[in-house]
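This report refers to the structure that appears directly beneath it.
The values are calculated or read from the model by the stated rules, or taken from the named source; none is laboratory data. The structure presented is a predicted model; accordingly, all values stated were derived computationally and were not measured. Cβ placement follows ideal geometry from the backbone for every residue including glycine, while neighbour counts extend to all protein chains displayed.
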Amino acid sequence: MRFLLRRLGFYLIAFWACITLNFFLPRLMPGDPVSRMFAQVQNQMRPDQIAALRQLFGLTNKPLWQQYLDYIGNIFRGDMGISLSRFPTPVSSVISSEIGWTLLLGATSLIIAVVLGNLLGILAAWRRGKFLDSVFPPLLVFVGSFPYFWLAMAALYLFGIVLGWFPLNHAFTDGVEPSFSFSYVADVANHLVLPALTIVLVSIGGWMLGMRNTMIATTAEDYITMARAKGLRSGRIMFHYAARNAMLPSITSFGMSLGFVVGGALLTETVFAYPGIGYQLLNSVQGLDYPLTQGIFLTITTAVLAANFLVDIIYVRLDPRVRVS
Amino acid sequence: MPKNKRSVTLSIVAASTLIGAMALTGCGGTPTASIGKTTDGILRIPREDTATFTSNFNPFSPTALPMTDQAVFEPLLIVNPMTGKAVPWLGKSWTVDPDGKGLTFTLQSNVKWSDGQPMTAADVVSTFTLAKKIQGGYTYLSNVTAVDPTTVRFEFNKAYSPGLYEIGAQVIVPEHIWSKVSDPAKFTNSDPVGTGPYTKVSHFQSQSYELDKNPNYWQPQKQQINGIEMLAFAGNSGANLAFENGNVDWSDQFIPSIQKSYVDKDPAHRKFWYPTTGGTIQWQLNTTKAPFDDVNVRKALSMAVDRNQVTSLGMSGYTHPADCTGLTDGYASWKDSSIVNSCDWTKLNVDKANKMLDAAGYPRGADGIRTLKSGKPFAFSISVGSSSSDWLSVAQVIAKNMQAIGVQLTVNSPDWSQVVDGYSKGTFDSGIVWTNDATTPYEFYRGEMSQDSVVPVGTSANENYHRFGDPQATNLLHQMVATSDQATQKNIVNELQSRFNATAPVIPLFPSPVWGAYSEQNFTGWPTAADPYATLSARSSTTTLVLTSLKPVK
C-alpha cells in the first residue's frame with residue numbers, strides 16, 4: 001500500500017509538470033492562431049477581418065501567468081475551452097467524437113500485436129533454432145523496418161485497389177447510419193482490417209523479439225531445470241514457469257503502449273483516411289489551436305499516467321519482490 | 001539446413017516486395033469504361049484538408065463546413081473570374097451612385113427560404129448588421145436600409161468602388177431564424193435554412209455528409225443533381241486515391257501528373273482544366289533591408305530568374321511566366337498591352353542583370369560572389385513553407401539561377417507558420433508569397449505598393465509583407481476607390497501598371513492555376529476552356545454556378 005501511495009504522489013507531480021508544459025509549449029511557437037488561419041486560407045480572407053476574428057476567438061492580451069491560472073482552474077472544472085480550428089465546437093466534443101475510433105484502431109492492433117507477438121516469442125524461445133525461431137524474427141524485423149508509410153500504401157494498393165478485398169478509406173461506408181446491427185458492425189470491422197493489419201505488421205516484430213530474448217534468459221534459470229526434473233508437462237513449464245516470469249518487461253511496454261494509443265496513429269489515419277486523434281493533433285499544432293492542442297495533450301498525459309499506474313498495480317500482483325521492498 | 005532456411009526467407013521477402021512494387025506501378029489495374037458509375041444522382045466531392053467534419057453551417061464562421069457558402073446560402077451576385085463579369089444572383093440588378101458613395105440592389109422577387117418563407121430586403125439588411133458585428137470589415141458601410149421588400153439601399157461614408165463586389169459576395173441569411181439566435185458568432189446552424197439549391201443536411205457523419213435538394217428553391221430548373229455528398233480526407237494522397245479510383249466525381253485539390261494518374265485511366269470521361277486565373281505568385285524582397293530598397297537590384301534579380309524553368313520544373317508546366325504588370329490572367333481585361341509588350345525586367349537577361357548590378361555598385365569579387373555596400377558578400381535567403389513541395393522547387397530553381405549573377409541565395413524552408421511569422425513581422429530576407437486577389441486589381445495593387453498597407457518592421461502585417469509604398473501609386477489607388485466609372489478605373493489601372501513596371505515592388509513569377517478535374521461518368525455540364533462560365537474550384541463563389549449547371553447522365 002505504501003508503495004502504491006508513493007507512486008500516486010509521483011504521478012500527481014508528473015501530471016502537474018505535464019499540464020504546465022502543455023500550456024507553455026504551444027505558446028512558445030511563433031505566430032498566433034488568427035494569422036495562422038489567415039496564412040492557411042491565403043487570399044480568401046480580407047485583412048480587415050482579422051481584428052474581429054481575434055476578438056471572436058477570445059484571444060486576450062492578459063499576462064501569461066494570469067492565463068495560466070485560468071487554465072489550471074478550467075482543467076479542474078473539466079472545461080477545456082472551445083477549439084479555434086473547429087470554432088465554435090468545444091474541445092471536449094471534438095476529442096470525444098474522435099477518441100472512439102482511435103481507441104478501436106489502437107487497442108485492436110495493439111492487443112493483436114501483443115498477444116500474437118508474445119506467443120510467437122514464447123514458442124520461438126521454447127523451440128530454439130527450429131523453423132519458427134529462425135524464420136520469423138528476421139522476417140518480422142525486416143517488415144517492421146520498412147517505412148510505415150510505404151508499407152501502408154503498398155497494402156492499400158494491393159488489397160484495396162488491385163484485389164479489391166477491402167475498402168480504400170473511412171471507418172465505415174459513407175452514408176450508412178451507425179447502429180448496433182450486425183451489418184454495421186461487420187462494415188466497421190471490414191474497414192478496420194487494413195489499418196489494423198499494417199500496424200500489427202510493423203509492431204509485432206518488436207514484441208516477439210523482446211519476449212523471445214527474456215524467455216531464453218528465463219529458460220536457463222535453475223527453477224526451470226528443477227521443473228523439468230520434477231517431470232512436469234512441457235506446456236505447463238513453458239507457460240506457468242518460464243513465460244509468466246519472462247512476461248514482466250512485456251507488461252511494462254504494454255502499459256506504456258496502451259497509454260500512447262490515445263495519441264492516435266497519424267500515418268495510418270492519413271493513408272487510410274481513418275478518423276482519429278492523430279491528424280487532429282497535427283492540425284491543431286499547425287493551426288496553433290491552443291485549446292485543442294492542450295486538450296489532446298491532456299488526454300494523452302492522463303492516459304499514459306493512468307496506464308502506468310495500472311501497470312504498477314499489476315506488478316504488485318505479479319511480482320512478489322515489489323511488495324516486499 | 002540453415003542455408004536452405006535462409007533462402008526460403010529471402011524468397012518470401014522477394015515475392016512480397018515484388019507484389020508491392022507491382023501494385024505501386026499499377027500493373028494489376030485494368031481500366032474499364034464504367035469505373036465510378038453511380039445511379040443515385042448524388043455528386044460526390046472530396047475535401048483533402050480535414051480528416052473529419054464537425055457540424056457548422058454558420059456562414060459567418062471562419063471554420064464553416066464546405067458548401068455552406070456555395071450550396072446552402074447564396075450571395076447577391078457572383079463574379080466569374082474567367083470573364084470578369086458579374087452574374088446577377090439573389091440581386092436581380094443594381095445601380096452604383098455616380099459619386100461612388102452608395103448603391104442600390106433590386107432583389108429577385110420569387111426567392112423563398114428553404115422553410116417556405118419569402119426572402120425580402122429585411123433579410124439582407126439584417127445579414128449586413130450581423131456580418132459587421134461578427135466578422136468586422138465593411139468600415140465604409142454607414143447605413144443599410146430596406147426601401148421596399150425587393151429593394152435594398154447601401155450608404156457609404158466615403159466613395160468606395162470595390163464595395164459593390166464585397167457587398168455582392170456576402171451570402172444572405174434569414175432574419176426570422178437568426179434574430180432568435182442568442183449568440184450568432186457561436187451558432188453552429190446544424191439544420192440550416194438558406195436560399196441555396198442544396199440545403200437539407202442528411203446522413204451527417206464524422207467523415208461524410210449529404211446535402212439534399214431545397215424543396216423551395218427559386219430556380220427549380222437548375223436543380224438537376226439530386227444532392228451533394230462531401231467526403232473528408234486527411235491529406236491529398238487519400239483524396240487523390242479516391243478520385244483516381246472513381247469514388248468521387250469532382251476534385252479541386254492538386255494532383256501530381258494528372259494526365260497519367262487520372263485522365264489516362266478513362267480518357268473518354270475524365271478531364272481536367274487548370275486556368276491560370278488564381279492570384280499571382282511572387283518572389284518578395286524585404287524592401288526595408290539593403291540592398292532590396294534599390295529598384296535596380298530588384299529588377300536585376302528579376303532578370304536573372306528563368307521563369308520558363310520555374311514554371312516547367314517547379315509547377316510541372318501547369319502555368320506560364322508572369323509579366324511586368326504583375327497581374328494574373330484573371331485580370332486579362334485590365335491589362336495594358338503596350339506595357340505588357342514592353343516588359344524587360346521580367347524576361348531572362350543575365351547579361352543585363354550583371355551590368356545593372358555592376359553599375360549599381362555591387363562589384364563581383366575574385367570568388368565570383370558580389371559584395372554589398374556594407375562590405376559583406378551578396379548572400380541572403382529565400383523562405384518557403386516546407387509543405388509546399390511545388391513552391392519549394394520554384395525556390396530551388398531561383399537559387400540556382402542567382403549563381404549566374406554572383407548572388408548567393410539559400411533556400412530556407414521551415415514550417416509555413418514560421419515562414420509567415422517572419423513575413424508578418426518583417427524579419428525575412430525574401431520569400432515566395434501569394435497576393436491579394438479580388439474582383440478588380442485594386443486589392444492586388446493595394447497589397448503591392450500602397451503606403452496605406454505598409455506597417456513598420458516588428459508590427460504584424462497581413463498584406464504587403466515586403467513593406468513597399470509608392471506615393472504616386474497610393475494616390476492612384478485613392479482615386480480608383482473614389483470612382484465607379486469603368487473607363488476612368490481602366491485608365492487608373494493602366495497607370496498603376498506603369499508604376500508597378502517602374503518601381504518593381506516585388507518580383508512576379510507566375511499566375512497560379514486554379515486546380516480542378518472531373519469525371520463525366522455521372523454528370524455533364526462542367527465548365528471548360530470552351531465554356532468558361534466558372535472555374536473548377538469547389539470552394540469559391542463560382543461553385544454555385546457549377547452546382548446549378550450540372551446535369552446527371554441518364
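Would you please name the residue that is farthest from the other protein chains (Cβ to nearest Cβ), looking only at residues in segment B:387-416 that are small (Gly, Ala, Ser) and in contact with a Leu (Cβ under 7 Å, 6 or more places away or on another chain)?
B:ALA399
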- Item | So B:GLN253, is it assigned to a loop (DSSP other than H, G, I, E, B), touching a Lys or Arg at 6+ places or on another chain (Cβ under 7 Å), more than 12 Å from chain A (Cβ to nearest Cβ) and closer than 29 Å to A:GLU177 by Cβ | no
- Note on the structure: Scanning segment B:494-512 residue by residue, those surrounded by 23 or more Cβ atoms within 10 Å (Cβ to Cβ) and outside any strand (DSSP E or B) turn out to be B:LEU496, B:GLN497, B:PHE500, B:ALA504, B:PRO505, B:VAL506, B:SER512
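Report yes if some residue within segment B:170-177 is within 12 Å of another protein chain (Cβ to nearest Cβ) and either touching a helix residue (DSSP H, G or I) at 6+ places or on another chain (Cβ under 7 Å) or closer than 21 Å to B:ARG539 by Cα (or both); otherwise report no. Full working, then the answer.
So the first thing to find is which residues in segment B:170-177 are within 12 Å of another protein chain (Cβ to nearest Cβ), and the list is B:170.
Narrowing the set further to residues that are either touching a helix residue (DSSP H, G or I) at 6+ places or on another chain (Cβ under 7 Å) or closer than 21 Å to B:ARG539 by Cα (or both) leaves B:170.
Yes, segment B:170-177 has at least one match.
Please go through segment B:123-159 and give me each residue that is polar (S, T, N, Q) and not in a helix (DSSP H, G or I), ordered by number.
The answer is B:THR139, B:SER142, B:ASN143, B:THR145, B:THR150, B:THR151, B:ASN157.
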- Query: If you go through segment B:107-122 one residue at a time, do you hit one that is aromatic (Phe, Trp, Tyr), crowded, with 16+ Cβ neighbours inside 10 Å and assigned to a helix (DSSP H, G or I)?
  - Reply: no
- Message: Within segment A:258-266, does at least one residue satisfy the condition of being within 30 Å of A:THR173 (Cβ to Cβ) and not hydrophobic (A, V, I, L, M, F, W, C)?
- Response: yes
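Return the residue satisfying two criteria in turn: it lies in segment A:216-234 and is of a type outside the set (Ser, Thr, Tyr) and under 13 Å from A:ALA125 (Cα atoms), and of such residues it is surrounded by the most Cβ atoms within 10 Å (Cβ to Cβ).
Checked segment A:216-234; the qualifying residue surrounded by the most Cβ atoms within 10 Å (Cβ to Cβ) is A:ILE216.
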- Task: Could you please let me know if A:GLY160 is of a type outside the set (Ser, Thr, Tyr) and farther than 30 Å from A:ALA220 by Cα?
- Result: yes
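Going by the structure shown, is B:LEU77 surrounded by 21 or more Cβ atoms within 10 Å (Cβ to Cβ), on the phi < 0 side of the Ramachandran plot and within 21 Å of the chain's Cα centre (by Cα)? Can you show your working first?
Working: surrounded by 21 or more Cβ atoms within 10 Å (Cβ to Cβ): yes; on the phi < 0 side of the Ramachandran plot: yes; within 21 Å of the chain's Cα centre (by Cα): yes.
It is true that B:LEU77 is surrounded by 21 or more Cβ atoms within 10 Å (Cβ to Cβ), on the phi < 0 side of the Ramachandran plot and within 21 Å of the chain's Cα centre (by Cα).
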- In segment A:303-325, how many are among the hydroxyl-bearing types (Ser, Thr, Tyr) and in a helix (DSSP H, G or I)? 1
- Item | Test for B:SER460: is it at pLDDT 90 or above, at the interface with chain A (Cβ under 9 Å from one of its Cβ atoms) and surrounded by fewer than 24 Cβ atoms within 10 Å (Cβ to Cβ) | no
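Does B:ALA404 count as in contact with a helix residue (DSSP H, G or I) (Cβ under 6 Å, 6 or more places away or on another chain) and surrounded by fewer than 16 Cβ atoms within 10 Å (Cβ to Cβ)? Before you say what the answer is, go through the steps one by one.
Working: in contact with a helix residue (DSSP H, G or I) (Cβ under 6 Å, 6 or more places away or on another chain): yes; surrounded by fewer than 16 Cβ atoms within 10 Å (Cβ to Cβ): yes.
Answer is yes for this residue.
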- Message: Checking the structure you have, find out if any residue of segment B:112-121 is in contact with a Leu (Cβ under 8 Å, 6 or more places away or on another chain), among the aromatic types (Phe, Trp, Tyr) and more than 14 Å from chain A (Cβ to nearest Cβ).
- Response: no
- Filter result (assigned to a helix (DSSP H, G or I) and more than 8 Å from every other protein chain (Cβ to nearest Cβ)) within segment A:156-166: A:PHE159, A:GLY160
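Going by the conditions given, is B:THR427 within 30 Å of B:LYS85 (Cα to Cα), in contact with a Gly (Cβ under 9 Å, 6 or more places away or on another chain) and within 14 Å of chain A (Cβ to nearest Cβ)? Give the steps one after another, and end with the answer.
Details: within 30 Å of B:LYS85 (Cα to Cα): no; in contact with a Gly (Cβ under 9 Å, 6 or more places away or on another chain): yes; within 14 Å of chain A (Cβ to nearest Cβ): yes.
For B:THR427, the condition - within 30 Å of B:LYS85 (Cα to Cα), in contact with a Gly (Cβ under 9 Å, 6 or more places away or on another chain) and within 14 Å of chain A (Cβ to nearest Cβ) - is not met.
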- Item | Residue in segment B:173-197 that is surrounded by the fewest Cβ atoms within 10 Å (Cβ to Cβ), counting only those that are of a type in the set (Val, Ile, Thr) and under 13 Å from B:GLN117 (Cβ atoms) | B:ILE177
- Task: Look through A:LEU84, A:LEU104, A:LEU110, A:LEU123 and report the one residue that is within 14 Å of chain B (Cβ to nearest Cβ) and in contact with a helix residue (DSSP H, G or I) (Cβ under 6 Å, 6 or more places away or on another chain).
- Result: A:LEU84
- Query: If B:ASP429 passes every condition in (1) out of contact with any strand residue (DSSP E or B) (no Cβ under 6 Å at 6 or more places or on another chain); (2) surrounded by fewer than 21 Cβ atoms within 10 Å (Cβ to Cβ) but one, which one does it miss?
  - Reply: (1)
- Do we have any residue at all in segment B:443-454 that's closer than 24 Å to A:ARG36 by Cα, within 12 Å of chain A (Cβ to nearest Cβ) and either free of Cβ contacts under 8 Å to residues at least 24 places away in the same chain or assigned to a strand (DSSP E or B) (or both)? yes
- Item | Looking only at segment B:126-149, and only at residues there that are surrounded by fewer than 18 Cβ atoms within 10 Å (Cβ to Cβ) and β-branched (Val, Ile, Thr), the one that is farthest from A:GLN49 (Cα to Cα) | B:VAL147
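May I ask you to say which residue of B:THR195, B:THR199, B:THR188 is of a type outside the set (A, V, I, L, M, F, W, C), out of contact with any strand residue (DSSP E or B) (no Cβ under 8 Å at 6 or more places or on another chain) and not in a helix (DSSP H, G or I)?
Values: B:THR195 fails: out of contact with any strand residue (DSSP E or B) (no Cβ under 8 Å at 6 or more places or on another chain); B:THR199 fails: out of contact with any strand residue (DSSP E or B) (no Cβ under 8 Å at 6 or more places or on another chain).
Answer to the check: B:THR188.
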- Item | Hits in segment B:293-314 (condition: in contact (Cβ under 8 Å) with a residue 60 or more places away in the chain, surrounded by fewer than 22 Cβ atoms within 10 Å (Cβ to Cβ) and not in a helix (DSSP H, G or I)) | B:ASP294, B:ASP306
- In segment B:273-292, how many are part of a strand (DSSP E or B) and over 23 Å from B:LYS376 (Cα atoms)? 3
- Single match in B:ASP358, B:ASP367 (criterion: in a helix (DSSP H, G or I) and modelled with pLDDT under 95): B:ASP358
- For segment A:1-117, list the helices (runs of 4 or more DSSP H) that sit wholly inside it and hold at least 1 residues that are modelled with pLDDT under 90 and within 30 Å of B:ILE167 (Cβ to Cβ); which are they? A:33-41, A:50-56
- Quick one: would you say B:SER109 is small (Gly, Ala, Ser), over 17 Å from the mean Cα position of the chain (by Cα), farther than 23 Å from B:VAL193 by Cβ and at pLDDT 90 or above? no
- Can you pull out the residues in segment B:523-554 that are β-branched (Val, Ile, Thr), part of a loop (DSSP other than H, G, I, E, B) and under 22 Å from the mean Cα position of the chain (by Cα)? B:THR528, B:THR535, B:THR542, B:THR548
